[in-house]
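Peer 1: One structure coming up, written as structure tokens, with questions to follow.
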Amino acid sequence: MNRFAELLDRLAYEPGRNNKLRLLTGYFREVGDPDRGYALAALTGALSFKHAKPALIRDLIASRTDEVLFGLSYDYVGDLSETVALMWPKAELAAHNNPPPPTLTEVVTTLRTLGKTELPKQLERWLDELDETGRWALLKLVTGALRIGISARLAKTAAAAVGDKDPHEVELIWPGLSPPYLDLFAWLEGRGDKPVNRDPAPFRPVMLAHAIEDSDFAALDPADYIAEWKWDGIRVQAVAGRDERGHITARLYSRTGEDITGSFPDLVPSLRLPGAIDGELLILREGRVQSFNVLQQRLNRKVVSPKLIKEFPIHLRAYDLLGDDENDLRELPFAERREHLERFIGKLGDPRIDLSPTVSFGSWEALTAARADPASAGAGEDADAVEGVMLKRCDAPYLPGRPKGQWWKWKRDPHIIDAVLMYAQRGHGKRSSYYSDYTFGVWTAGEGGDELVPVGKAYFGFTDEELLQIDRFVRRNTTEKFGPVRHVVHEPEQGLVLEVAFEGLQRSPRHKSGVAMRFPRISRLRWDKPPKEADRLETLERMLKAEPAEIDV
Amino acid sequence: MITHGHSDHARPGHGAVLATQETLDMMRLRYGENFAGSTQAIRYGEEIRLGDVKVKFHPAGHVLGSAQIAVTCKDICIVASGDYKDAPDPTCTPFELVPCDVFITEATFGLPVFRHGDAADEVKKLLASVALFPERAHLVGAYSLGKAQRVIKLLRQAGYDAPIYLHGAMEKITEYYQSRGIELGELRPVKGVKKAALAGTITLAPPSATSDLWTRRFPDPVTAFASGWMRVRARARQRGVELPLVISDHADWDGLTATIGATGAGGIWVTHGQEDALVHWCRSKGLKAQPLDLVGYGDEEESETPIQSEAEA
């Protein structure tokens, strides 16, 4: 447990993805079975036991320490698990007996079978046996709040690296595996065969597109491509298959392979034909696709209430078919898969699942026109939910990852405004010596004339050279400092204008300006423009009117 | 009477200063020749009479030359601890327990969440990270007086014998430690060293420099910070520290409470830090305790001399 705790501790501080991977892979190599398997389970959220409530932890510490001292400490540290881990006074008896600290395996397997009434005593024993970091990790684990910035995908990628395997391979067999993954590690270390995925509805690694640049078109022949709308929803894979007894199992996966079926139970009954659909998750109301803002309100919900399901009816728009019953279609050219898909959707005949239409075009000029005006190019009333067009080679097989020259995405032009830099904050990790997080504002009428109101924050979009320039500007034009935040000069005649690109706007009562941007980034530095010529809030409000209003649930 | 050379305890401009030779030397290094009207050096254990009052300096184990000051008049003895630690430190004389009637204790880490553990284990953590990331530079933030030299010495004791690099702001004081017979191995100024040559090396710098422009001369630096504050995660994260090293020159909670008990003092005055919790603890043990609020004396970290000129260079 202490070694696992040490790993979590280090990961919690490490900002870089590659360095996190190194730490994880190092751990999987160094630590044996079954501990590393349970660690992998903990990191991928595959452990299942009833979590302890914070009240139980409070009771435990109250029985060991002075209430005032605990209060002052908790106040200072700000995190219950950490406070308890740090101030836990070991029992006298434990100090003498010195029992070895529990292994991660011991903790996980005990927790799985432990009755509720036995939990406090067991936790107390472990807290006595572990060191500070061990106690911290134990409490995070039992309360189900690891939160150390590691995705399941990253943990699997690190495990794959143990055997120099492609993470996709691990992803493919993952649904058939269970903790402590002895067979997985045996295969990764060359001691065993590759585990077989017996899952009736497995995830297939997704194929992704490259962003197309203007210069790419010259080398492409329109006749080689099929175009379709790029819908502004969530890319998913909907898979149904028969288990050994012939019953249908249906699952919905995110593009990273995360099982998100639980969040969309209303779609499951529609997945009754064995097959694997690549598509976009959308909200449809009276046949009309709603904006991403609306869809967003169905995401990351702990409880999916009947009311939520009713007011946010889920819909799957199909792009591609990867498997039809027992047949793997991924080797077929896209044009043929598209025919399979059309037949499949027709056979299914379900109002919740439809086909994403293709966009016909004879030349790049025609496609350019369609992209500029999707409403009159077939998207009709759903045009607002079109994010751009996708170009897929007719002869492209379905390849995992982002293969070159097969699929292209051509997004609609982003919205652009000129805003004024107001505050700058230091970045993290590699950027910790740079002011790289920027809050920017636009003009609005205030009591004493025009004033700037913050409308967003951005921390990318600029080149390394531009970052140096902005950093220098921030350091030379700071008017006040609040901790890590610098107040940068922003007067009508003095300041830095940033051209900000963004994908959409949302009303937001949480922001003073009343608006929130989607995916804002710095697209250009306008050294040439005095701040007084930057945009006004009214411009953003006009854009908002085009977006549907937010609906309360 | 000055307990030790940190700037939140030793200030220039006094008429007459009584301190250990090391403390006087450090004040001279930091503030120049004329830092006081007159100075007088005192050895540990030496007694000086000032009228009816006897004064004695005892090792505090905090940094080189640090002292607790015992003042006795008739049959009452008051000990001012200054900053102290009861943990081993190869760069200074170990803490000596001085029985007294009134003990004025510091309380920098006066909360039961502060328990420092073995500094050697923290240095192992640093070395493990250097082994794991040989292409990155390791930048260790450490107070330039005391902590930096202790970390270097601990690295040497752990068997690390490669050159250790220093930020310009710690060169003088480190040389002073060496001149007092503390072996620190090969040390090099980091200034002027090529970026690529710093891969796999360890550099010590004042804490404020580790998040500054100055860090850009290092290849993908891992930022470490050696301080008792690193025990608390939020504190480490706030500073953008990636490798917190819990190495403190102050007594931790267990050290404070054990020392207070062992002095046998019936009156405890608590200052410099988290007074509330320690006063509460004393009272719960039947000791008379009160916070001693000193205005204008704070964290030594905040009073580190600015290093802007070096940083911009």
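Peer 1: Just from its helices, what would the mean residue ellipticity at 222 nm be for chain B, if runs of 4 or more DSSP H residues each count -39500 (n - 2.57) and the sum is divided by every residue, rounded to the nearest 500 deg cm²/dmol?
Peer 2: It comes out at -7000 deg cm²/dmol, rounded to the nearest 500.
Peer 1: Here's something else I'd like to know. Amide H to amide H, which residues 5 or more places from B:C77 or on other chains are under 5 Å from it, using H placed in the peptide plane?
Peer 2: B:D101, B:V102
Peer 1: What whole-number distance in Å separates the alpha-carbon centres of the range A:1-61 and the range A:509-535?
Peer 2: Distance between centres, Cα-based: 40 Å.
Peer 1: Test of the criteria: in the range B:8-108, which trypsin sites (Lys or Arg not before Pro) are in a DSSP loop and have at most 16 other Cβ atoms within 10 angstrom of their Cβ?
Peer 2: Passing both the DSSP loop test and the Cβ count: B:R43, B:K74.
Peer 1: Report the charge-dipole magnitude of the range A:226-318 in Debye, nearest 20, computed about the Cα centre from +1 at each Lys and Arg Cβ and -1 at each Asp and Glu Cβ.
Peer 2: Around 240 debye, computed over the range A:226-318.
Peer 1: Tell me which lysines have Cα within less than 17 Å of A:K140's Cα, excluding those fewer than 8 residues away on the same chain?
Peer 2: A:K50, A:K53
Peer 1: With a 1.4 Å probe and every protein chain left in place, work out the accessible area per residue of the range B:119-245 in Å², rounded to a whole number.
Peer 2: 34 Å²
Peer 1: Let me ask you something else. Using a 1.4 Å probe on the protein heavy atoms, what percent of the accessible area of the protein assembly as shown belongs to carbon and sulfur?
Peer 2: Taking all protein chains in place, the protein assembly as shown shows 50 percent carbon and sulfur surface.
Peer 1: Could you work out the mean count of beta carbons from other protein chains within 10 Å of each residue's beta carbon in A:81-89?
Peer 2: Mean partner-chain Cβ count within 10 Å for A:81-89: 4.
Peer 1: I've got another one for you. For peptide B:107-118, how many partner chain Cβ atoms fall within 10 Å of a residue's Cβ, on average?
Peer 2: Per-residue shielding by partner chains comes out at 4.
Peer 1: Taking square-rooted eigenvalues a ≥ b ≥ c of the alpha carbon gyration tensor, is the range A:1-157 rounded, prolate or oblate, where a/c under 1.5 means rounded and, failing that, a/b exceeding b/c means prolate?
Peer 2: Taking the square roots of the gyration eigenvalues as a ≥ b ≥ c, the range A:1-157 is prolate.
Peer 1: Let me ask another. Taking the range B:161-269, which GluC sites (Glu not before Pro) meet the DSSP loop condition and have no more than 14 other C-beta atoms within 10 Å?
Peer 2: Answer by residue number: B:E183, B:E186.
Peer 1: Classify chain B: rounded, prolate or oblate, from the alpha-carbon gyration tensor (a ≥ b ≥ c, eigenvalue square roots; a/c under 1.5 rounded; otherwise prolate if a/b is larger than b/c)?
Peer 2: Taking the square roots of the gyration eigenvalues as a ≥ b ≥ c, chain B is prolate.
Peer 1: So, with +1 on the Cβ of K and R and -1 on the Cβ of D and E, and no other charges, what is the size of the charge dipole of chain B about its Cα centre, to the nearest 20 debye?
Peer 2: Here the size comes out at about 460 debye.
Peer 1: Tell me whether the range A:210-411 comes out rounded, prolate or oblate; compute the Cα gyration tensor, take square roots of the eigenvalues as a ≥ b ≥ c, and use a/c under 1.5 as the rounded threshold.
Peer 2: oblate
Peer 1: With +1 on each Lys and Arg Cβ and -1 on each Asp and Glu Cβ, how big is the dipole of the range B:1-56 about its Cα centre, in debye rounded to the nearest 20?
Peer 2: Here the size comes out at about 60 debye.
Peer 1: For the range A:24-68, treating each Cα as an identical point scatterer without solvent, what Debye log10 I(q)/I(0) comes out at q = 0.21, 0.23, 0.31 1/Å?
Peer 2: The calculated log intensity ratios at q = 0.21, 0.23, 0.31 Å⁻¹ are -0.73, -0.77, -1.07.
Peer 1: Do any GluC sites (Glu not before Pro) in the range A:155-245 lie in a DSSP loop with no more than 13 other beta carbon atoms within 10 Å, and if so, which?
Peer 2: Answer by residue number: A:E189, A:E213, A:E244.
Peer 1: Stokes-Einstein D for the protein assembly as shown at 4 °C, 1.567 mPa s, Kirkwood Rh over Cα pairs, in µm²/s?
Peer 2: The diffusion coefficient I find is 41 µm²/s.
Peer 1: Same structure, new question: Counting pairwise Cα distances across the range A:148-282, what percent come out greater than 20 angstrom?
Peer 2: Of all Cα-Cα pairs in the range A:148-282, 57 percent lie more than 20 Å apart.
Peer 1: Okay, moving on. Taking the convex hull of the alpha carbon atoms in the range B:119-245, what volume per residue do you get, in Å³?
Peer 2: 95 Å³
Peer 1: Among B:V98, B:V123, B:V53, which one shows the highest mean-square fluctuation when chain B is modelled as a Gaussian network with alpha-carbon springs under 10 Å?
Peer 2: Looking only at B:V98, B:V123, B:V53, the biggest GNM fluctuation is shown by B:V53.
Peer 1: Do any residues of the range B:230-271 lose at least 40 Å² of accessible area when the full set of protein chains is present rather than just their chain alone, and if so which, with a 1.4 Å probe?
Peer 2: Residues passing the criterion (a loss of at least 40 Å², heavy atoms only) are B:R231, B:V232, B:R233, B:R237, B:E242.
Peer 1: I would also like to ask the following. With solvent modelled as a 1.4 Å probe, how much accessible area in total do chains A and B shield from it at their shared surface, in Å² to the nearest 100?
Peer 2: 3100 Å²
Peer 1: Set the bar at 31 Å for Cα to Cα. Now go through A:K302/A:K392; B:K56/B:K147; A:K156/B:K125; A:K20/B:K85 and name every pair that lies beyond it.
Peer 2: Pairs exceeding 31 Å: A:K302/A:K392; A:K20/B:K85.
Peer 1: To the nearest Å, what is the center-to-center distance of the range A:311-328 and the range B:210-286, using C-alpha atoms only?
Peer 2: What the calculation gives is 57 Å, centre to centre.
Peer 1: Would you be so kind as to identify which of B:S81, B:H280, B:T174 lies farthest towards the positive end of the dipole of chain B, taking Lys and Arg as +1 and Asp and Glu as -1 on Cβ and the Cα centre as origin?
Peer 2: After comparing all options, I get B:T174.
Peer 1: For n ≥ 4 DSSP H runs only, could you compute -39500 (n - 2.57) per run for chain A, divide by its residues and tell me the 222 nm figure to the nearest 500?
Peer 2: Mean residue ellipticity at 222 nm (helix-derived): -9500 deg cm²/dmol.
The values are calculated or read from the model by the stated rules, or taken from the named source; none is laboratory data. Fair warning: this is a prediction, and the values are worked out from it, not measured in the lab. Reconstructed Cβ throughout: ideal geometry from the backbone, glycine too, with neighbour counts over all protein chains shown. Note: areas computed on protein heavy atoms with side chains; ligands, DNA, RNA excluded. Shrake-Rupley method; radii C 1.70, N 1.55, O 1.52, S 1.80 Å.
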